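Structure first, then comments.
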Amino acid sequence: MTALRNTHPPQVGSAMTPFPYFVDSGDSVEDVERLIREHAIRHVPVQNDGSVVGIISDRDLRRLVNPSLPAVDRARIRASAVMLADPYLVEIDAPLARTVSEMAERHIGSAIVVK
C-alpha cells in the first residue's frame with residue numbers, strides 16, 4: 001500500500017476561525033470590551049471606512065486601560081487609541097506554514113484573514 005502525499009500544502013483558510021466581528025476606529029473601549037466578553041473572542045479587527053487599520057487584543061486592553069477606570073471614562077477612550085496599527089493581513093489562500101512562520105517572527109498571536 002502506498003502512502004498518499006499531499007501535493008497541496010494547507011492554506012490559511014483551512015485553519016482560520018471565522019471572524020465576523022469588528023469595531024470601527026471611533027468606537028469606545030467600552031464597546032470593544034463588551035464585544036470581546038459577549039462573544040468570548042481574544043482579538044478584534046479595527047476598521048476605518050471599511051478598511052482594516054488595526055487590531056485590539058484582550059491582553060492589550062488589560063495592559064493599556066486601567067481596570068478601575070469608571071465606565072463613563074472607558075466610553076470616552078476610542079478604539080484607535082489602543083489598537084495596534086498595521087496588523088498582519090493574509091489572504092485566505094496564503095500558505096499556512098508561511099503564515100505561521102511569519103507570525104512567529106513577528107511575535108504575534110493572530111493574523112487577519114482577508115478575501
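Of the peptides 61-72, 102-113, 26-37, the ranking by mean beta-carbon count within 10 Å, highest at the top, reads 26-37, 102-113, 61-72.
Within the accessible area of the chain, the carbon and sulfur atoms contribute 53%, probe 1.4 Å, all protein chains present. Counted by Cβ distance under 15 Å from V72, the other residues give a net charge of 0, where Lys and Arg count +1 and Asp and Glu count -1.
Given a 1.4 Å probe, how much area per residue of region 6-115 is accessible, in Å²?
Averaged over the residues of region 6-115, the accessible area is 64 Å².
Antiparallel as a % of all DSSP beta bridges within region 43-115, to the nearest 5? About 75 percent, rounded to the nearest 5.
Here the peptides 10-16, 50-56 are ranked by packing, the mean other Cβ count within 10 Å, and the order with the highest first is 50-56, 10-16.
Length available on full extension from E38 to M103: 0.36 nm per residue minus the Cα-Cα distance, which gives 20.7 nm. Which net charge results for the neighbourhood of P10, defined as the other residues with beta-carbon distances under 11 angstrom from its beta-carbon, given Lys and Arg at +1 and Asp and Glu at -1? Every neighbour counted, the sum reads 0.
Of V46, V100, V23, the residue with the greatest mean-square motion in the GNM of the chain, using alpha carbon springs below 10 Å, is V100.
The calculated FRET efficiency for the pair N66 and D86, based on their C-beta separation and a Förster distance of 35 Å, comes to about 0.85.
The values are calculated or read from the model by the stated rules, or taken from the named source; none is laboratory data. If you're wondering where the values come from, they're calculated on a predicted model, not measured in any experiment. Don't worry about glycine lacking a Cβ; one is built from the backbone with ideal geometry, like all the others, and counts go over all protein chains shown. To get the accessible areas, we keep the full protein, side chains included, count just its heavy atoms, and leave off ligands, DNA and RNA. Shrake-Rupley method; radii C 1.70, N 1.55, O 1.52, S 1.80 Å.
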